[in-house]
Amino acid sequence: MTTPPEKTQFIHSTTLVGKLSETGRDRSELEPYLVVLSGSEQGKQFKLVRRRQVVGREANVDILITDPKISRRHGMLLVHDDHIVLEDLASTNGTFVNGKRVEKHKLQLLDRIRIGDTYLKIDYKRICEAKSEHALYQAANVDSMTNILNRSAFMLRAEQEFSYCKRNQTRLTIIMCDADHFKLTNDNFGHLAGDQVLKDLAKILDAEMRQEDLLARYGGEEFIMLLRDTPADAASALAERIRATVMQHAFQYQNLIIPTTISLGLCSRQVDASSSLDLIIQAADDALYRAKKNGRNRVEIDAL
């Protein structure tokens, strides 16, 4: 008769839950989170709500981290009642715990995980703690009016994306867009109406973004988009679709219709050793200036 395999036994004091007990933290009040310790998304946290959760940069993974060195489906977290196991999913650049490459690893409370250029850890938090930390992350990274990235957070992520494109000699596209005659909108309808227009614009733009793309409020009524590895003709078609969608959208505030159009400038470059992110952004901004000069409510494309 075949002897059934023995169940793996975990000594209580070596599990995540055991370590929490030693520090006097009541496990019944705590929930597990994956916390980003470094990189462009430092401070972001993901509540581990399911038993199996895939980490990667693909749009449909459970935990999306936009580090370009992370594989689309990089690893998996297996969440048990008293411990969590990290498993690599044949990633390109590997999964590391405390500096050592692993295929499958039972995590300890102080373990540091590295995937791509991003460091992470597992922590158990009370709901009030998690909400407070999330509020701090939002304040540092998200524009409070439009609920998309702010300029500084965008630039951190854009530099990371640019480095990826440079290493892999792939295409990077920047689209700058600006609400036309926005001062007149504020003057004629009031600043609260202008704020509502910006919120609606952000929603329209965000609806067109893929998970791996970036969108931010660049300043005032100006927005910036980064598209990774998108052919120039596809990027141009996207910009034109956005322009038409905005023109046809009924922007409203307190039952008033607010006519709104946008102008867009686009630069799409195959990134090589001579490229720089600043130059690509400047080229897109110059194209936006031409769109404004040539009549607004139009798309202009960088000539190079």
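Table for the structure above
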quantity: Candidates D187, D233, filtered to the one that is open to solvent by 10 Å² or more (accessible area, probe 1.4 Å), within 25 Å of S276 (Cα to Cα), of a type in the set (D, E) and in a helix (DSSP H, G or I); calculated: D233
quantity: Identity of the residue in segment 249-276, out of contact with any helix residue (DSSP H, G or I) (no Cβ under 7 Å at 6 or more places or on another chain) and hydroxyl-bearing (S, T, Y), that ends up surrounded by the most Cβ atoms within 10 Å (Cβ to Cβ); calculated: S276
quantity: Residue satisfying condition, being open to solvent by 60 Å² or more (accessible area, probe 1.4 Å) and charged (D, E, K, R), within set R241, R228, R217; calculated: R241
quantity: Segment 58-93, subset among the small types (G, A, S) and over 14 Å from I113 (Cβ atoms), residue surrounded by the most Cβ atoms within 10 Å (Cβ to Cβ); calculated: S71
quantity: Pair list, Cβ under 7 Å, 6 or more apart: segment 45-67 residue farther than 15 Å from K121 by Cα and assigned to a loop (DSSP other than H, G, I, E, B), other residue open to solvent by less than 60 Å² (accessible area, probe 1.4 Å) and among the polar types (S, T, N, Q); calculated: R57/T66; D62/Q53; D67/T118; D67/Q160
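The values are calculated or read from the model by the stated rules, or taken from the named source; none is laboratory data. Just so you know, these numbers come straight off a predicted model, no measurement behind them. Neighbour counts are summed over all protein chains in view; Cβ atoms, including those assigned to glycine, are modelled from backbone coordinates with ideal geometry. All accessible areas refer to the heavy atoms of the entire protein, side chains included, with ligands and DNA or RNA removed. Shrake-Rupley method; radii C 1.70, N 1.55, O 1.52, S 1.80 Å.
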